[in-house]
Amino acid sequence: AQSVAQPEDQVNVAEGNPLTVKCTYSVSGNPYLFWYVQYPNRGLQFLLKYITGDNLVKGSYGFEAEFNKSQTSFHLKKPSALVSDSALYFCAVVLSGSARQLTFGSGTQLTVLP
Amino acid sequence: DSGVTQTPKHLITATGQRVTLRCSPRSGDLSVYWYQQSLDQGLQFLIQYYNGEERAKGNILERFSAQQFPDLHSELNLSSLELGDSALYFCASSLGGGTKNEKLFFGSGTQLSVL
C-alpha cells in the first residue's frame, strides 16, 4: 500500500547542533515529496519539495532535504538548529492515482533546546 | 500570513448540532482543500474544490459536505455532530487544480469542540 511515514514522534536537539527529521515513503512510480512546518496556533507552511532532479533540495529557513531513492527516504535536515525551529514537521507525498491530493505523515515534534 | 482566511477561529457546540466553517482562499487561487487534524487521526484530507467543482474526495463523512461559491470562497458543513468530530479543521488553497508539484497555502484553522 502507498504511504508516507515519520518514524519519530519527537526529536530533541541542542541549539547549534545539526538536526534531522526522518521521512520514508512507499509509492508507485516517481514520488512527489514535500515538507511542511506547523508552528503553534498556526496553519502549515511549505518548506520545500522534491519533484525531480538534484537529490538535495534546499528550502526555506535554511532547511534542506535529501531524496534517497534506494532507501525510499526524504529526510529533512538543517546544519545548525535554532530554538525558533521548534515546531511540528510534516512530510507529505502525492500518491499515485489519488487525484493529486497531498497525504501527510503523522508529524514529528522538533524541540530545539537552548 | 498565508493569505488564506478561515472563520471562525473557535467553535463550541453540542452533539447533534450543525455548523458551517468558512474559508477564503488566497487571491487568485482556484483550488480549496479541507483537512481535519486530530490527535488520533493526524492530518486527514477531506475534499478539494477547483473553480467551483468538486475535484477530489478523501476521508469525508457523509454527515459532512462542502461547496465552493462563484467568488471562490468555500464552506464546510458538518451536521449531526459527534464528540469525535472535535478537531482542528484546516482550509488550504492553491493556484491551479492541484497538480503534483503545487504547494498549498494553509489557513490558521478552525478549532471545533463538540460537547
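The values are calculated or read from the model by the stated rules, or taken from the named source; none is laboratory data. From a predicted model like this one, the values you see are computed outputs, not experimental measurements. Here Cβ is always computed from backbone atoms with ideal geometry, including for glycine, and neighbour counts include all displayed protein chains.
Answer with yes or no whether B:Leu78 is touching a residue at least 12 places away in the same chain (Cβ under 8 Å) and in contact with a helix residue (DSSP H, G or I) (Cβ under 9 Å, 6 or more places away or on another chain). It would help to see each step written out before you state the result.
Numbers: touching a residue at least 12 places away in the same chain (Cβ under 8 Å): yes; in contact with a helix residue (DSSP H, G or I) (Cβ under 9 Å, 6 or more places away or on another chain): yes.
Yes, satisfied.
Of the residues in region A:69-94, how many are in a loop (DSSP other than H, G, I, E, B), at pLDDT below 95 and surrounded by 20 or more Cβ atoms within 10 Å (Cβ to Cβ)?
0
Consider A:Tyr89 carefully, then state whether it is touching a strand residue (DSSP E or B) at 6+ places or on another chain (Cβ under 7 Å) and closer than 28 Å to B:Ala87 by Cβ. Break it down into steps so the answer makes sense when it comes.
Numbers: touching a strand residue (DSSP E or B) at 6+ places or on another chain (Cβ under 7 Å): yes; closer than 28 Å to B:Ala87 by Cβ: yes.
Yes: the conditions hold for A:Tyr89.
Give, as residue ranges, the strands (runs of 3 or more DSSP E) completely inside region B:38-115 that count at least 3 residues that are of a type outside the set (Val, Ile, Thr), on the phi < 0 side of the Ramachandran plot and more than 12 Å from chain A (Cβ to nearest Cβ).
On the way: elements: B:42-50, B:53-57, B:64-68, B:74-78, B:87-94, B:110-114.
Correct list: B:64-68, B:74-78.
Among the residues of region A:1-22, write down those that are out of contact with any helix residue (DSSP H, G or I) (no Cβ under 8 Å at 6 or more places or on another chain) and not in a strand (DSSP E or B). Quick ask: steps written out before the conclusion?
Step one: filter region A:1-22 for residues out of contact with any helix residue (DSSP H, G or I) (no Cβ under 8 Å at 6 or more places or on another chain), giving A:1-14, A:16-18, A:20-22.
Result: A:Ala1, A:Gln2, A:Gln6, A:Pro7, A:Glu8, A:Asp9, A:Gly16, A:Asn17, A:Pro18, A:Lys22.
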